[in-house]
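Have a look at the structure below, then the notes.
The values are calculated or read from the model by the stated rules, or taken from the named source; none is laboratory data. All values derive from a computational prediction rather than experimental measurement. Glycine also receives a Cβ, built like all others from the backbone with ideal geometry; neighbour counts cover every protein chain displayed. Note: accessible area is taken over every heavy atom of the protein model, side chains too, but ligands, DNA and RNA are not part of it. Shrake-Rupley method; radii C 1.70, N 1.55, O 1.52, S 1.80 Å.
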Amino acid sequence: MAAHIENDAVEVNRGLLKELEDMGFSMARAAWALHHSGNSSLEEAVNWIIDHENDSQFEKMPLMEFNIEIESPNAYDDTAETSQARAKELMEQARKLREEEETKREREREKERIRAGKEMMETKRIPEENERRRNIALRKAEKDEGKKAREQIMLKVNEDKLKRKRRLGLPTETESASTSTHVSPLNTKRVIMSPPSPASKAEEMRECLRSLRRNHKDEDPRITRRAFETLLTIVRNAANKSGEERYRRIRLTNRLFHERVGIYSQGIEFLELCGFKREDGSEFFYLPYLDVDINRLRDAAFQLNYAITNPFFGLLSTEAEDREQ
């Protein structure tokens, strides 16, 4: 551009050049404006000057050639004041046009920013939504797994209870139902078995604790002792503070309870022998206030205390333990 400014001569319209000078523009800028606007009109020249008003390189006077073929056929004969007013009007129109164009471009840029912001939010939302769904699925899987674990515990408890009743010679629910089905309704001499006596209930408790100790005899005895101590605490609280519901309610999923007692099917069964019941569709073991049997709880405490103090509990024969007791 510098070489072009120094060496090339520019052709200008003499009449338009004079008008631009009358408007107050320097001859150098007027000449460059006419050259770059093609000597087409006064308005185009003014627009070019406004576009390049901060370009200092156009302050240098170019070499000019006045070509008669591009002279304006309608030369203006305006006064200096009229020319300046006209120049001001043209510049104001040019600035207004540029402001409108800039406003339009700004609106387009704002639309683009909004679109980009929406895309960014959507890009961020999709992983968050996927993470939320994954967490929901994990919680559901954990809940289902916990439910299955509780069902397996209860199934094992019921199986152990059935085996123990058969070993003690007590009737099972299945055998009772079968017997009642085959007995003739006319047989008035049929013997009706009464509920187990307190002595047999205590024997069930003792056998339940023996089974727990025997099944885990190869483990550290302190582990089963801790289970017996935890059960003893629960039984004593239920007996001594039976008026407070929190001492008659146990959450099966409680971490400490599960680690010390819940992992043993015999531990759950022992609580059932004490009167605790599983609430339907719940993860709680609950001893209803009206079902609190102090004598039964005392028998349970006695059996647990013996199991804790006797280092050979569950490891000797049943007859030998009974003689010691």
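Roll a 1.4 Å probe over the protein chains and send me the accessible area per residue for the stretch 193-317 in Å².
Numbers: 6510 Å² over 125 residues.
About 52 Å² of surface per residue is accessible.
Provide the FRET efficiency to the nearest 0.05 for the Glu219-Asn135 pair, computing r from the beta carbons and using R0 = 45 Å.
On the way: r = 37 Å, r/R0 = 0.82.
So, using R0 = 45 Å, E works out to roughly 0.75.
So with the 1.4 Å probe, I'd like the accessible area per residue for the stretch 121-173, rounded to whole Å². The partial results should precede the final answer.
Details: 4390 Å² over 53 residues.
I get 83 Å² per residue for this part.
Rounded, prolate or oblate for the stretch 201-249? Axes are the square roots of the Cα gyration tensor eigenvalues, ordered a ≥ b ≥ c, and the cut-off for rounded is a/c under 1.5. The partial results should precede the final answer.
Details: a/c = 3.87, a/b = 1.84, b/c = 2.10.
Oblate.
In whole percent, how big is the carbon plus sulfur part of the accessible area of the stretch 134-173, probe 1.4 Å, protein atoms only? Numbers along the way, then the final one.
Values: 1670 of 3110 Å².
Carbon with sulfur: 54 percent of the solvent-accessible area.
Sort the stretch 247-301 into rounded, prolate or oblate with this rule: let a ≥ b ≥ c be the square roots of the eigenvalues of the Cα gyration tensor; rounded if a/c is under 1.5, and if a/c is not under 1.5, prolate when a/b is larger than b/c, oblate otherwise. Working shown, then result.
Values: a/c = 2.08, a/b = 1.34, b/c = 1.56.
Cα axes put the stretch 247-301 in the oblate bin.
Any lysines with Cα under 30 Å of the Lys217 Cα? List them, leaving off those in the same chain fewer than 8 positions away.
Reachable lysines: Lys147, Lys148, Lys156, Lys161, Lys163, Lys165, Lys201, Lys277.
Return the long-range amide H neighbours of Met64 (sequence gap of 5 or more, or a different chain), with a cut-off of under 5 Å between placed amide H atoms.
When sequence neighbours closer than 5 places are left aside, the close amide H contacts are Val10.
Sort the stretch 88-135 into rounded, prolate or oblate with this rule: let a ≥ b ≥ c be the square roots of the eigenvalues of the Cα gyration tensor; rounded if a/c is under 1.5, and if a/c is not under 1.5, prolate when a/b is larger than b/c, oblate otherwise.
Numbers: a/c = 11.85, a/b = 10.54, b/c = 1.12.
Prolate, because a/c is 1.5 or more and a/b exceeds b/c.
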